[in-house]
Amino acid sequence: MRDRFPDFRLGTVLATSFTGTLSERRGNPVERIPTPHRLVDWLVVSGLAVDTCTTAQLELARELRESIHAAATAAAIEDALPASAVQVINDCSARGRAAAELTPEGERRWRLSSASCVEDALSVIAADAISIIAGERDGRLALCASPTCQAAFFDTSQSRTRRWCDMNTCGNRQKKARFNANQRKNPRPAE
Ligand SMILES: [Zn+2]
């Protein structure tokens, strides 16, 4: 039964969707890829389908994830990039042999070197992270305004003023918290 696992929060940016598989890092962290199977599920929905995943590959994936998180956070606050995180991202990027392919419909898909090559999938994610952190893409790295989250996300809104990593979770919770605080400050007058 896979449905007892926490849902994925899928964004439109591969690298930060991946870092979002661990959420609430500053609160009670929610691990959304707790098992190798769950990483397989995530890769499938992210266009990087693999058949199998070992525990060691899951560990490698989590190491890459936390390295992307660390480097993206540093980039968002214009801090120096942590050398160890950069090393992990570069190693993962170099290790994979994924090829971009054009479909007859004109879309890009990834072809991995084998159906069990999680490393190929991780290289695609690492390269995606590099393009964002290097500032190659149109958007801005920012940190989620939720104090228990502070996830790095890629803001592609026109005004570049997005505040939350995810509108449906962090954004909603913050709105509710503010609403409740206002209710306490301005209780309704007795009628
Ligand atoms: Zn958030």
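Filter segment 65-99 down to residues that are among the hydroxyl-bearing types (S, T, Y) and either modelled with pLDDT under 95 or in contact with a helix residue (DSSP H, G or I) (Cβ under 6 Å, 6 or more places away or on another chain) (or both) and give me whichever is farthest from T21 (Cα to Cα). I'd like the intermediate steps shown before the answer.
Of the residues in segment 65-99, the ones among the hydroxyl-bearing types (S, T, Y) are 67, 73, 84, 93.
From the residues that got through so far, the ones that are either modelled with pLDDT under 95 or in contact with a helix residue (DSSP H, G or I) (Cβ under 6 Å, 6 or more places away or on another chain) (or both) too are 67, 93.
Numbers: S67: 13, S93: 19 Å.
That would be S93.
Looking at segment 113-138, which of its residues are within 17 Å of T52 (Cβ to Cβ) and at pLDDT 95 or above?
Applying the first criterion (within 17 Å of T52 (Cβ to Cβ)) to segment 113-138 yields 113-122.
Listed by number, the residues that qualify are V118, E119, D120, A121, L122.
Which members of segment 70-98 meet the condition of being part of a helix (DSSP H, G or I) and in contact with a strand residue (DSSP E or B) (Cβ under 6 Å, 6 or more places away or on another chain)? Don't jump to the end; show me each part of the working.
As a first pass, look at segment 70-98 and keep what is part of a helix (DSSP H, G or I): 70-76, 83-95.
Residues satisfying the conditions are A72, T73, A75, A76.
Has segment 15-29 got any residue that is touching a Cys at 6+ places or on another chain (Cβ under 8 Å), farther than 23 Å from T148 by Cβ and either open to solvent by 20 Å² or more (accessible area, probe 1.4 Å) or assigned to a helix (DSSP H, G or I) (or both)? Outline the logic, then answer.
Looking only at segment 15-29, we keep the residues that are touching a Cys at 6+ places or on another chain (Cβ under 8 Å), and these are 16, 20, 23-27.
Checking which are farther than 23 Å from T148 by Cβ leaves us with none.
No, every residue in segment 15-29 fails to be touching a Cys at 6+ places or on another chain (Cβ under 8 Å), farther than 23 Å from T148 by Cβ and either open to solvent by 20 Å² or more (accessible area, probe 1.4 Å) or assigned to a helix (DSSP H, G or I) (or both).
Which numbered condition in (1) touching a strand residue (DSSP E or B) at 6+ places or on another chain (Cβ under 6 Å); (2) away from the ligand (no atom under 11 Å from the Cβ); (3) open to solvent by less than 20 Å² (accessible area, probe 1.4 Å); (4) not aromatic (F, W, Y) is the only one that R109 fails?
The one condition R109 does not meet is (3).
Please count how many residues of segment 119-169 are at negative phi, within 11 Å of the ligand (Cβ to nearest atom) and not in a strand (DSSP E or B). Explain how you work it out, then say what you get.
Just the residues of segment 119-169 that are at negative phi, to begin with: 119-134, 136-138, 140-149, 151-159, 161-169.
Of the ones still in play, those that are also within 11 Å of the ligand (Cβ to nearest atom) are 142-149, 151-153, 162-169.
Going one step further and asking which of them are not in a strand (DSSP E or B), we end up with 144-149, 151, 162-169.
The number of residues fulfilling the criteria is 15.
Give A99, A134, A181 a once-over and let me know the one that is farther than 22 Å from L64 by Cα and either more than 19 Å from the chain's Cα centre (by Cα) or surrounded by fewer than 18 Cβ atoms within 10 Å (Cβ to Cβ) (or both). First the steps, then the outcome.
Working: A99 fails: farther than 22 Å from L64 by Cα; A134 fails: farther than 22 Å from L64 by Cα.
It is A181.
The values are calculated or read from the model by the stated rules, or taken from the named source; none is laboratory data. Keep in mind it's a predicted model, so treat the numbers as computed, not measured. Note that each Cβ is placed from the backbone with ideal geometry, even for glycine, and that neighbours are counted across all protein chains shown. Surface accessibility is based on the protein's heavy atoms, side chains included, excluding ligands, DNA and RNA. Shrake-Rupley method; radii C 1.70, N 1.55, O 1.52, S 1.80 Å.
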